[in-house]
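The values are calculated or read from the model by the stated rules, or taken from the named source; none is laboratory data. Keep in mind it's a predicted model, so treat the numbers as computed, not measured. Note that we place each Cβ from the backbone using ideal geometry, even for glycine, and neighbour counts take in every protein chain shown. Surface areas here come from the heavy atoms of the whole protein model, side chains and all, with no ligands, DNA or RNA. Shrake-Rupley method; radii C 1.70, N 1.55, O 1.52, S 1.80 Å.
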Amino acid sequence: PANTALAGMILLLVLILLPWWRTGGSGGPDALLDHAPRGVTASLASVLRPGDRMFNPELWGSWFEFRFPRTPVFDDSRIEVFSARVWNQYDQVSGALDGWQKVLDAWRIRVVVASRSQQGSLIAAIRSDPGWRLLHEDDEGLVFVRSDQAP
């Protein structure tokens, strides 16, 4: 009886920890991620082509990999997987530091997603850069597409 009770408690704990219990959503794949930017995601769905390269906030990288598996993202939450060089470039672009455009060019980035809460400097800089066109803007973030490749 003690083993059965212990097994029952472990099973109950596993069920409680499953992600769909915590989302409060109505289901579907995007209900599994509380941080998914819905408006940004919908906008990306209308513009991304297979193989397009995207610069994105680290917080949303894994979501974008899940939602757009044929679109390479710049980074994701697996911090240990990316080299210090990649993270330095991520910081350079996110902070709109000297040479940020060259980083995007070197990586052949076509789409830039910027988080309002994490990349204010990038948003200000890319808005005034004629090489980029604003495609989407909401309370969570913005989506920019290269001007010469905008849909």
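Okay, here's what the table says:
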{"read-out": "The chain: angle of helix 2-17 to the longest principal axis, Cα-based, in degrees nearest 10", "value": "20"}
{"read-out": "Residue-normalised accessible area of the chain, expressed per residue, 1.4 Å probe, Å²", "value": "58"}
{"read-out": "Along each principal axis, Cα extent of segment 93-151, largest first, Å", "value": "28, 28, 18"}
{"read-out": "Cβ-defined net charge surrounding Thr71, 14 Å radius [Lys, Arg +1; Asp, Glu -1]", "value": "+2"}
{"read-out": "Label-point gap, in nm, between Asp129 and Arg108 - each point 7 angstrom along Cα→Cβ", "value": "1.8"}
{"read-out": "Per-pair calculated FRET efficiency, R0 = 41 Å: Thr4 and Asp91 via Cβ, rounded to 0.05", "value": "0.20"}
{"read-out": "Alpha-carbon Rg with Dmax, taken over the chain, Å", "value": "18.8, 71"}
{"read-out": "Net charge of neighbours whose Cβ lies under 12 Å from the Cβ of Ser62, counting Lys and Arg as +1 and Asp and Glu as -1", "value": "-2"}
{"read-out": "Value of [θ]222 nm, deg cm²/dmol, for the chain, DSSP H segments ≥ 4, -39500 (n - 2.57) each, nearest 500", "value": "-12500 deg cm²/dmol"}
{"read-out": "Pairwise FRET efficiency - Asp98 versus Gln118, Cβ, R0 = 22 Å, nearest 0.05", "value": "0.65"}
{"read-out": "Percent of beta bridges antiparallel (DSSP, the chain, rounded to nearest 5)", "value": "75"}
{"read-out": "Solvent-accessible area, 1.4 Å probe, carbon plus sulfur percent, for the chain", "value": "59"}
{"read-out": "Derived scalar couplings ³J(HN,Hα) [segment 78-89; Karplus, 6.51 cos²θ - 1.76 cosθ + 1.60; whole Hz; x for Gly, Pro]", "value": "7, 3, 5, 7, 9, 6, 4, 4, 4, 5, 5, 5"}
